[in-house]
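Right, one structure below, let's go through it.
The values are calculated or read from the model by the stated rules, or taken from the named source; none is laboratory data. Only a predicted model underlies this, so the values are computations on that prediction, with no experimental measurement involved. Every residue, glycine as well, gets a Cβ built from its backbone with ideal geometry; the counts of neighbours run over all protein chains shown. All accessible areas refer to the heavy atoms of the entire protein, side chains included, with ligands and DNA or RNA removed. Shrake-Rupley method; radii C 1.70, N 1.55, O 1.52, S 1.80 Å.
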Amino acid sequence: MVVRRLYVGSGRNKTGGEQDAFDELDPKAKKYLRGDAANLGVIRDKKLKGQLLDKEKLYGQTAKAAAKAEKWLMPTEVGYLEAEGLEKTWRFKQETILQEVDIISSRKPFDMILPDLGPYKLEYSLGGRYMLVGGRKGHLALIDVLTMRLIKEFQVRETVRDVVFLHSEQFFAVAQKKYLYIYDRHGTEIHCLKEHGVPLKLQFLDKHFLLASVNKFSQLHYQDVSTGEIVGNYRTGLGRTDVMQMNPYNSVIGLGHSGGKVTMWKPTSSNPLVTMLCHHGPVTCVSFHNSGYLMATAGMDRKIKLWDLRKFEALRTYSCSAQSLDFSQNGLLAMSNGSRINIWRDSVGNHDYERYMAHSMVKGYQVGKVCFRPYEDVLGIGHSMGISSILVPGSGEPNFDTWVANPYETKKQRREKEVHSLLDKLQPETIMLDPLKVGTLMPPTKKDKPNKGDLEAEMEAAIETAKSTVFKKKTKGRNKPSKRARKKEEAVLKTKRPFIEQQAEDRPLKKPKVEEAELPKSLQRFVRKKKTL
């Protein structure tokens, strides 16, 4: 709820007392105010002044009501680890953190040792309640992490390369040995999508109902899961890649290639929107911030770089390597290398990330993927010996919006949400680097602009219309032929003026001639003389 700035008082200009009353307003209510109040002192109409005064009072009451609703509906604030004295937050162990948190939070970390079917990939649902686990050797499991209940577990007896949830936890896609399969929550095979080839990586665009995959032949596929239509099928032309990530802000797909390039794609373009040379070696992982303007990349050249996607330039470069990267909802950056996991935090706000937390797995465990759980301070870890999760204070958004993602939704709410999301489904054409351009007018191209001949024909038609105008006959002495001719001439000039101005704007400006400076006498003999006829 967003309203204008509060203005309480009479119809006069704001006095000192009124300004003090505004300053004493709750700071939480001030963020719901927008714009300045109307200056009622310059209005002389008493009726209009009274109406505006009532409106300003109503705006103030609305701001206070919004602040009161926030106080009751969103009472939780983000909390981070704070060190005292010479302590460092990255030295805190999970055992120390578990001793200080509440009982419910202490039950969220776990370790599942599954040594025979790894390494494991994991994915969380949009609300953060369900976790999908896929083992390299064909083990699939769907877990309710809120109650730690195993919903379904089955074996596909094929290589599993990646897993991803679709629009809800009822369906999920699995990249298997030869084809891409879709299962429901009961483990029943729904579809076998052979058009995707041998998939290596999967992403789902929830606002567009598009399932994106890249196969071993470096082909990028987009398929609409609501209609089954193949929206796009493009060859990247940069070799095999298994690095793929979606930008949550604009739904653009980012691919990392072996030549150190990162390309960004949309389903309606056969060529990449952007091609960036990010590293001097193969790109190992890519991750996007929720704001959409920050991208983190890691490469085999042992560099981690932060990129500003508004200017496509590197903001920070760190000398370390990573096999997996992930941004949390509040901007924490998790990275894994071998059996070690580091979490960085931008504490100042200038994209200068510093070490925030560190965690070491058992020696020999190779971490394959790290993934933050939405709306929880939990980091999920998929490694060679199973799956684990640790507490990361301050990583999740504490207040969830039930219209976007509801971890406690019922069956009826889920059905209603599916219907509304299908009705609100965006078309593939709306995917672009700057989604704010959706709904704006495109600038006219050269083909759309009229040429000189069209302008002259239009001007001649307007002149003929002006000449044929019949003027009203006036009294004696005011209807002379000279006056009628002068009026027709003025009408013609008035008609021609906009066409002349438009031609002047389109005509390129001539560069003024620069007069040659006089040279000293000692150098004048080297000047080339102009030929004379």
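Among the residues of segment 233-251, are any in contact with a Phe, Trp or Tyr (Cβ under 8 Å, 6 or more places away or on another chain), open to solvent by less than 10 Å² (accessible area, probe 1.4 Å) and farther than 17 Å from PRO435 by Cβ? For segment 233-251, residues in contact with a Phe, Trp or Tyr (Cβ under 8 Å, 6 or more places away or on another chain), open to solvent by less than 10 Å² (accessible area, probe 1.4 Å) and farther than 17 Å from PRO435 by Cβ: absent. Taken over segment 110-156, the criterion of being of a type outside the set (A, V, I, L, M), in a loop (DSSP other than H, G, I, E, B) and open to solvent by 30 Å² or more (accessible area, probe 1.4 Å) is satisfied by PRO115, ASP116, PRO119, ARG129, ARG136, LYS137, THR147. Close contacts from segment 334-346, counting a first residue that is under 17 Å from GLY299 (Cα atoms) and modelled with pLDDT of 95 or more and a second that is assigned to a strand (DSSP E or B) and among the charged types (D, E, K, R), with Cβ to Cβ under 6 Å and a gap of 6+ residues or different chains, come to ALA334/ASP326. Scanning segment 471-521 for residues that are loosely packed, with under 10 Cβ neighbours inside 10 Å, of a type in the set (Ser, Thr, Tyr) and at pLDDT 70 or above yields a single hit, SER482.
When segment 168-179 is filtered for residues that are of a type outside the set (D, E, K, R) and either surrounded by fewer than 20 Cβ atoms within 10 Å (Cβ to Cβ) or not assigned by TED's automatic domain parsing to the domain that holds LEU202 (or both), the ones remaining, listed by number, are SER168, GLN170, PHE171, TYR179. Of the residues making up segment 292-337, those that are farther than 22 Å from GLU123 by Cβ and among the small types (Gly, Ala, Ser) are GLY299, ALA314, SER319, SER321. Scanning segment 360-375 for residues that are open to solvent by 40 Å² or more (accessible area, probe 1.4 Å) and either within 19 Å of THR89 (Cβ to Cβ) or charged (D, E, K, R) (or both), we see that the one that is modelled with the highest pLDDT is SER360.
Considering (1) outside any loop (DSSP other than H, G, I, E, B); (2) of a type in the set (A, V, I, L, M); (3) at pLDDT below 90; (4) open to solvent by 60 Å² or more (accessible area, probe 1.4 Å), the lone condition that LEU422 does not fulfil carries the number (3).
Residues of segment 295-323 that are modelled with pLDDT under 95 and within 25 Å of GLY79 (Cα to Cα): none at all.
When LYS64, LYS71, LYS49, LYS57 are checked against the criterion of being of a type in the set (Lys, Arg), loosely packed, with under 13 Cβ neighbours inside 10 Å, at pLDDT 70 or above and part of a helix (DSSP H, G or I), LYS71 stands alone in meeting it.
In segment 382-403, of all residues being part of a loop (DSSP other than H, G, I, E, B) and among the aliphatic types (A, V, I, L, M), the one that is surrounded by the fewest Cβ atoms within 10 Å (Cβ to Cβ) corresponds to MET385.
Test GLU458 against the criterion of being in contact (Cβ under 8 Å) with a residue 12 or more places away in the chain, open to solvent by 90 Å² or more (accessible area, probe 1.4 Å) and either touching a Gly at 6+ places or on another chain (Cβ under 6 Å) or assigned by TED's automatic domain parsing to the domain that holds ALA485 (or both), and give yes or no.
Yes: the conditions hold for GLU458.
Screening PHE204 against (1) of a type outside the set (Lys, Arg); (2) touching a Gly at 6+ places or on another chain (Cβ under 8 Å); (3) modelled with pLDDT of 95 or more leaves a single unmet condition, (2). Inspect segment 85-99 for any residue being open to solvent by 80 Å² or more (accessible area, probe 1.4 Å), on the phi < 0 side of the Ramachandran plot and among the aromatic types (Phe, Trp, Tyr) and give the result as yes or no. No, segment 85-99 contains no residue that is open to solvent by 80 Å² or more (accessible area, probe 1.4 Å), on the phi < 0 side of the Ramachandran plot and among the aromatic types (Phe, Trp, Tyr).
Summed over segment 18-43, residues that are touching a helix residue (DSSP H, G or I) at 6+ places or on another chain (Cβ under 7 Å) and either exposed (fewer than 11 other Cβ atoms within 10 Å of the Cβ) or modelled with pLDDT of 65 or more (or both) total 8. Within segment 296-328, the set of residues being in contact with a strand residue (DSSP E or B) (Cβ under 7 Å, 6 or more places away or on another chain) and in a loop (DSSP other than H, G, I, E, B) comprises MET300, LEU309, PHE312, SER319, CYS320, SER321, ALA322, GLN323, SER328.
Outside any strand (DSSP E or B) and in contact with a His (Cβ under 7 Å, 6 or more places away or on another chain): is that true of SER213 in this structure? Considered against the rule, which asks whether it is outside any strand (DSSP E or B) and in contact with a His (Cβ under 7 Å, 6 or more places away or on another chain), SER213 comes out as no.
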